[in-house]
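Peer 1: There's a structure below that I have some questions on.
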2 protein chains.
Amino acid sequence: MRSKIEGDPRAARREAKWSKILEEAWDLARRDGLAALSLRDLADRVDLRQPSLYAYFDSKLDLYDAMFADGNRQLLAFIAAHGPYADEPSEALKALVQVVVQFSSEDVVRHQLLFQRTIPGFEPSAASYAFARDFYELARRRLAAVGATEQNDIDLFSALVTGLAHQQVANDPGGDRWARLAGRAVTMFLYEVEPHTPTTKGELRCTRH
Amino acid sequence: MRSKIEGDPRAARREAKWSKILEEAWDLARRDGLAALSLRDLADRVDLRQPSLYAYFDSKLDLYDAMFADGNRQLLAFIAAHGPYADEPSEALKALVQVVVQFSSEDVVRHQLLFQRTIPGFEPSAASYAFARDFYELARRRLAAVGATEQNDIDLFSALVTGLAHQQVANDPGGDRWARLAGRAVTMFLYEVEPHTPTTKGELRCTRH
DNA sequence: GTCTATACATCGATAGAC
DNA sequence: GTCTATCGATGTATAGAC
């Protein structure tokens with residue numbers, strides 16, 4: 001795939017233009033709101049006429065789809081950039097939650113597109129959704145490492161994380177009022193999933209100090 | 001206020017029309033998406049011409065504001081209709097969470113308007129926000145009854161509830177995959193807020209052996 | 001209060017020339 | 001690929017009759 005671009009200067013230029021379009025689309029969405037994104041404003045930003053944008057995507061929903069994939073790529077990159085973590089599974093899980101909430105709080109409209117479905121008619125394509133699945137798998141593995149494998153446990157955890165992220169974004173954008181609760185939230189979750197009565201699920205001792 | 005309407009048939013008719021407008025606006029929003037609501041379609045639904053709608057609200061954002069207030073009234077009515085609960089504080093809290101998540105899952109766009117801020121330019125007016133404050137106060141009182149009064153506790157709880165509601169709405173609309181976790185979530189929360197080792201609120205240390 | 005009529009700006013999208 | 005020109009639909013708003 002890479003060789004195609006590097007070997008073909010026209011494809012490389014097109015790729016660069018496409019990246020510029022995505023970047024400016026995010027910027028406009030942050031300024032005007034995700035739903036209020038205007039293709040004419042976007043065209044102005046990238047030195048094109050509005051109809052010429054259709055050489056890069058088939059419709060506005062298609063653009064949202066590309067942004068959805070891009071946002072998920074950013075999320076995976078953000079997680080990778082803030083690693084590696086301690087090997088200790090519960091610490092790794094705490095770190096993940098912290099990072100995800102921070103990621104969400106850094107860009108409200110990105111969080112809207114990735115985790116809230118508010119654009120009428122928008123449904124991620126299978127290809128774009130694959131990136132979201134990658135993130136889900138990453139979280140699932142880190143949950144399994146602390147012994148949370150049942151669907152109910154995973155669902156409870158996902159609610160906890162999205163709740164923290166949503167409250168952070170909605171009520172304290174740019175701050176850390178909910179982000180700083182990530183560690184406590186995971187502690188609470190772990191205690192629920194692995195009760196400290198050390199019976200079947202391995203020897204786990206919990207004490208308060 | 002009531003006497004005004006009952007005493008004046010014209011005011012009563014206007015009130016009825018206004019209710020009809022709100023009702024059809026919700027229905028259209030559910031069909032087309034909240035942001036895609038069209039005033040021309042709405043006018044057709046209520047047997048008016050589009051400009052005549054401006055006799056009932058000053059702008060489209062004004063209509064959203066009225067829907068915001070209406071949705072919050074519905075929430076308070078929904079809570080009232082599903083009471084009274086057991087006096088036991090923790091059970092009352094569980095019931096509240098259950099009801100709120102169920103309420104959200106019953107209407108996705110209502111949940112969007114009330115708890116997610118996705119309409120560009122929309123900000124609830126002070127009058128409409130008063131209803132939201134009523135709900136917040138109700139939840140705060142029920143939290144206080146179980147001993148959760150610190151802001152961090154309230155924030156953690158709000159994240160938990162909105163997280164359950166959001167996951168329910170986004171990933172299992174109409175179902176109960178997350179709604180049924182409400183009781184467990186509250187139990188988990190209560191254990192965190194009121195540790196049964198009644199000493200300090202120190203960090204919980206878990207170690208494997 | 002509701003209507004007709006109209007205006008204006010903006011939007012996504014398409015046709016066809018180059 | 002990019003352009004010009006244009007389309008239909010939209011939201012907003014106003015004037016003026018009844």
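The values are calculated or read from the model by the stated rules, or taken from the named source; none is laboratory data. Note that the coordinates shown come from a computational prediction; the quantities given were computed from them, not determined experimentally. Reconstructed Cβ throughout: ideal geometry from the backbone, glycine too, with neighbour counts over all protein chains shown.
Peer 1: Please indicate, with yes or no, whether at least one residue in region A:11-18 is modelled with pLDDT of 95 or more, within 16 Å of DNA strand D (Cβ to nearest atom) and in contact with a Pro (Cβ under 9 Å, 6 or more places away or on another chain).
Peer 2: No; the residues of region A:11-18 include none that is modelled with pLDDT of 95 or more, within 16 Å of DNA strand D (Cβ to nearest atom) and in contact with a Pro (Cβ under 9 Å, 6 or more places away or on another chain).
Peer 1: If you don't mind, another one. For residues that are more than 15 Å from DNA strand D (Cβ to nearest atom), free of Cβ contacts under 8 Å to residues at least 60 places away in the same chain and buried (at least 17 other Cβ atoms within 10 Å of the Cβ), tally how many sit in region A:38-84.
Peer 2: Counting residues in region A:38-84 that are more than 15 Å from DNA strand D (Cβ to nearest atom), free of Cβ contacts under 8 Å to residues at least 60 places away in the same chain and buried (at least 17 other Cβ atoms within 10 Å of the Cβ) gives 6.
Peer 1: From B:GLU137, B:GLU91, B:GLU150, grab the single residue that is surrounded by fewer than 19 Cβ atoms within 10 Å (Cβ to Cβ) and within 14 Å of chain A (Cβ to nearest Cβ).
Peer 2: That would be B:GLU150, the only listed residue that is surrounded by fewer than 19 Cβ atoms within 10 Å (Cβ to Cβ) and within 14 Å of chain A (Cβ to nearest Cβ).
Peer 1: So which residues in region B:25-37 are acidic (Asp, Glu) and either touching a Pro at 6+ places or on another chain (Cβ under 9 Å) or buried (at least 16 other Cβ atoms within 10 Å of the Cβ) (or both)?
Peer 2: Correct list: B:ASP32 only.
Peer 1: Looking only at region A:125-134, count every residue that is of a type outside the set (Phe, Trp, Tyr) and crowded, with 19+ Cβ neighbours inside 10 Å and tell me the total.
Peer 2: The qualifying residues number 1.
Peer 1: Of everything in region A:114-129, what is without any contact (Cβ under 8 Å) to a residue 24 or more places away in the chain and away from chain B (no Cβ under 14 Å)? Give them in sequence order.
Peer 2: Within region A:114-129, A:ALA126 is the sole residue that qualifies.
Peer 1: Examine region A:102-109 for a residue that is within 16 Å of DNA strand D (Cβ to nearest atom), part of a helix (DSSP H, G or I) and at pLDDT 95 or above, and state whether such a residue exists.
Peer 2: No, because not a single residue in region A:102-109 is within 16 Å of DNA strand D (Cβ to nearest atom), part of a helix (DSSP H, G or I) and at pLDDT 95 or above.
Peer 1: Turning to a different aspect of this structure: Filter region B:171-187 down to the residues that are buried (at least 20 other Cβ atoms within 10 Å of the Cβ) and at the interface with chain A (Cβ under 9 Å from one of its Cβ atoms) and list them by number.
Peer 2: Listed by number, the residues that qualify are B:TRP178, B:LEU181, B:ALA185.
Peer 1: Among the numbered criteria (1) within 14 Å of chain A (Cβ to nearest Cβ); (2) over 30 Å from A:ASP32 (Cβ atoms), which one does B:HIS111 miss?
Peer 2: (2)
Peer 1: Determine, yes or no, whether B:PHE103 is away from chain A (no Cβ under 14 Å), among the hydrophobic types (A, V, I, L, M, F, W, C) and over 30 Å from A:LEU37 (Cα atoms).
Peer 2: Yes: the conditions hold for B:PHE103.
Peer 1: Consider region A:26-57. How many of its residues are more than 10 Å from DNA strand C (Cβ to nearest atom), part of a helix (DSSP H, G or I) and more than 14 Å from every other protein chain (Cβ to nearest Cβ)?
Peer 2: 3
Peer 1: Do we have A:ILE119 as at pLDDT 95 or above, within 16 Å of DNA strand C (Cβ to nearest atom) and among the β-branched types (Val, Ile, Thr) here?
Peer 2: Here the answer is yes, as A:ILE119 does meet what is asked.
Peer 1: Just checking, does region A:58-70 include any residue being within 16 Å of DNA strand C (Cβ to nearest atom) and not in a helix (DSSP H, G or I)?
Peer 2: yes
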